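Asks: Handing you a structure now.
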Amino acid sequence: MSSLGLGPLHAISLAHARDEAEAIRKQLRDGIDPKQAQLAEQQAAVAAANSMTFDQGAFALPPLVGELPEQDQVSSPKWARLSWRG
C-alpha cells in the first residue's frame with residue numbers, strides 16, 4: 001500500500017483535504033492510479049514550461065503589485081527599501 005500526500009498541514013484546510021481525498025477515491029474507483037496521474041500532470045506541466053518562450057513566460061506571471069520606478073527614481077527614498085537582487 002502506498003500513500004499520497006496532500007500538502008503541508010499549515011497550507012491546506014480540512015475542507016480542501018476532504019475534497020482532495022474524495023477526488024483521489026473517485027480516481028481509484030475509476031481504475032486510475034492517483035500517483036501515476038499526479039506524475040503525468042507534473043510531467044505535462046514541465047513539458048509546457050519548457051516549450052514556452054521567454055515572452056510567453058513573462059506574460060504568464062501574475063501582475064506586479066504597484067508600479068515599477070522609472071530609472072531616475074530608483075535612488076529616491078520611496079524605492080530605497082526594494083531589493084534588486086535576482
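Asks: For the range 25-34, give me the residue count where each residue is of a type in the set (Gly, Ala, Ser) and surrounded by 12 or more Cβ atoms within 10 Å (Cβ to Cβ). Spell out the reasoning first.
Replies: We begin by selecting, within the range 25-34, every residue of a type in the set (Gly, Ala, Ser); these are 31.
From what is left, the residues that are surrounded by 12 or more Cβ atoms within 10 Å (Cβ to Cβ) are none.
The total comes to 0.
Asks: Please identify the pairs in which a residue from the range 17-33 that is touching a residue at least 60 places away in the same chain (Cβ under 8 Å) has its Cβ atom under 8 Å from the Cβ atom of a residue that is surrounded by 13 or more Cβ atoms within 10 Å (Cβ to Cβ), counting only partners at least 6 apart or on another chain.
Replies: So the pair list comes out empty.
Asks: Need the failing condition index for residue 39 against (1) at pLDDT 90 or above; (2) over 17 Å from the mean Cα position of the chain (by Cα); (3) surrounded by 10 or more Cβ atoms within 10 Å (Cβ to Cβ), just the number.
Replies: With respect to (1) at pLDDT 90 or above; (2) over 17 Å from the mean Cα position of the chain (by Cα); (3) surrounded by 10 or more Cβ atoms within 10 Å (Cβ to Cβ), residue 39 is out only on (2).
Asks: I want to confirm something. Restricting to the range 1-24 and keeping residues that are at pLDDT 90 or above and touching a Pro at 6+ places or on another chain (Cβ under 9 Å), which single residue is surrounded by the most Cβ atoms within 10 Å (Cβ to Cβ)?
Replies: 24
The values are calculated or read from the model by the stated rules, or taken from the named source; none is laboratory data. Keep in mind it's a predicted model, so treat the numbers as computed, not measured. Positions of Cβ are backbone-derived with ideal geometry, glycine not excepted, and every protein chain shown enters the neighbour counts.
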